[in-house]
Amino acid sequence: MKKLVLLAVMLLASSAVFAQNYYYPVSDNGLYPDATRIELYGGMVLPESAWHDKGDYIDLGNTGWTAGIGFYRSVTRVLTLGLDGNYAQFGDGDKRTDGSYYRTGAATGLVAARINFFPRHSTRLYIPLGVGIGHMFVRQNFDDGSHKTYDSTKWAAMGGLGLEFDIDEDMIFGLEGRIYRMELRHDMKDAFGKGHTHYSEVMLKFGFRI
């Protein structure tokens, strides 16, 4: 949470600087109703660390990578709706006393919305939101090459904060931070003592109008 707050402060500060130095006429820039865009994301995922297995603390994964794609259509300048797909691969967890380690990944498919601030300007802040389905797997790898897998498919939700810039009339570049929350089914809940999990993402994005 502290990392997301820090990101929000950085985004707000950056927005203020660009708004002060790069102001354009309202009619030439910004978002337009009925415009459709494809957006590609990539960056790092920051997993939740507090997990337990039969009462023992475990590490299911360290900082890893994430990638995603979104299809969005502007209903108005302020409101954008679409679909968003994301995959997060956690880094390998630390080795346990028995020599095994965990490898974890999470995928989401969400119906997404975006609330845009300063939509008539070429530099904009926005809040992304989404709800849909999330799938998470945890694979415990053993020294003898065998493994045991736990997985769960259930509801997921996302919220965040983003800053984007118009490169030209059709392309944009931006920075976005998100927090995901994913509900877990009974097998993972029983194995790790948690009914839900959360993780954060910090990503760069590139988008273009179609």
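A few points about this structure:
- Value in Å of the Kirkwood radius, where the range 112-210 supplies the Cα pairs that are averaged: 15.9
- Reach of Lys194 by Cα under 19 Å, taken over aspartates and glutamates that are not fewer than 8 positions away in the same chain: Glu48, Asp53, Asp56, Asp59, Asp151, Glu183
- Extension gain, Leu79 to Ile210: 0.36 nm times the residue separation minus the Cα-Cα distance gives 45.4 nm.
- Contact order normalised by residue count of the range 94-172, Cα under 8 Å, 6+ apart, percent: 31
- Once the chain from Asp151 to Asp168 is taken as fully extended at 0.36 nm per residue, the excess over their C-alpha distance is 1.8 nm.
- Taking all Cα pairs closer than 8 Å and separated by 6 or more residues, the relative contact order of the range 73-206 comes to 18 percent.
- Spin-label proximity, Asp144 to the range 77-100 - amide N less than 19 Å from point 7 Å beyond Cα toward beta carbon: 96-100
- The range 52-115 versus the range 140-210: alpha-carbon centroid distance in Å: 2
- Loop chymotrypsin sites (Phe, Trp or Tyr not before Pro), the range 66-146, which have at most 13 other Cβ atoms in a 10 Å radius of their Cβ (DSSP): Phe142
We did not get these values from a lab; they are worked out from the coordinates using the rules stated. As the structure is a computational prediction, the values presented were derived from the model and not from experiment. Note: ideal-geometry Cβ built from the backbone for every residue, glycine included; neighbour counts use all protein chains shown.
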